[in-house]
Amino acid sequence: MKLPIFTILLILWCTTACNTSKPNYRLDSSDNLVLNEVVISGERKKSVAATSQDARMVLFSAWLDLIVSQPDSAVANLAQIATRYNGYAAEIGTKRTIIRVESTHLDEALRDIGRLGKVQSKSIKGQDVTDEYLDYTIRLDNATKARERYLELLQKAESVEATLKVERELERLNETIDLLKGKINRLEHLAAFSTITIHLETRIKPGILGYVGLGVYHSVKWLFVRN
């Protein structure tokens with residue numbers, strides 16, 4: 001006995017909803033969350049435990065306040081540093097420049113940037129996005145499987161109305177899949193390339209009277225404040 005196409009669609013929709021609300025994962029003998037074919041930091045691994053320290057996906061960002069004599073020259077050097085460490089310049093400016101370098105070379109890049117002037121302040125932050133990444137991966141897997149089932153159902157559609165209903169669901173799933181792929185690719189890229197934001201400040205050179213004033217200032221300061 002053949003089921004009406006509307007009934008088949010209803011059953012398939014319920015199955016898809018259940019799969020979306022219940023992620024496709026399993027627990028190993030140590031109660032670690034394990035997924036199949038999960039990409040972590042650009043590498044595909046068949047069994048990745050989300051609770052394992054070496055499987056965490058962390059996005060690193062750094063901020064520097066840098067005093068330089070010639071901002072234009074400093075900006076050119078910053079672009080060269082980005083290229084040196086297989087990265088690129090995301091924003092160029094004499095007040096603020098943002099570059100990205102391979103995460104494995106973050107320390108070397110920061111060292112080279114510090115040589116361009118006087119570092120007033122520096123901070124580094126790591127953002128753990130492992131759970132977010134795994135959530136996107138699970139949802140993408142479920143959406144891809146649902147699309148495969150709808151494609152099979154499309155071949156069995158017996159009327160124009162049924163065909164249109166399946167095509168609408170396929171369009172919705174394709175949009176969801178493209179969105180999730182974009183989010184996953186963005187996280188993978190930001191994990192592979194650390195972001196460095198450099199705020200540039202021009203070093204002011206005093207004139208002759210300025211140097212005299214500075215000498216007087218330091219002399220008076222020495223009279224009142226001594227280490």
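Annotations for the structure displayed:
- Between His189 and Leu154, full extension at 0.36 nm per residue minus the direct alpha carbon distance yields a gain of 9.0 nm.
- Counting neighbouring beta carbons within 10 Å and listing from fewest to most, the residues Glu108, Glu188 come out as Glu108, Glu188.
- The stretch 82-130: C-alpha gyration tensor shape, a/c 1.5 cut-off, then a/b vs b/c: rounded
- Sequence of Lys181, Lys95, Lys165 once ranked by neighbouring C-beta atoms within 10 Å, starting from the fewest: Lys95, Lys181, Lys165
- Length gained when the stretch Lys118-Gln80 is fully extended (0.36 nm per residue, less Cα-Cα span): 11.8 nm
All of the numbers you see were taken from the coordinates with simple rules; none came from a lab. Predicted model, so just to flag it, every value in this text is computed and none were measured. Heads up, the Cβs are rebuilt from the backbone with ideal geometry, glycines too, and the neighbour counts pull from every protein chain shown.
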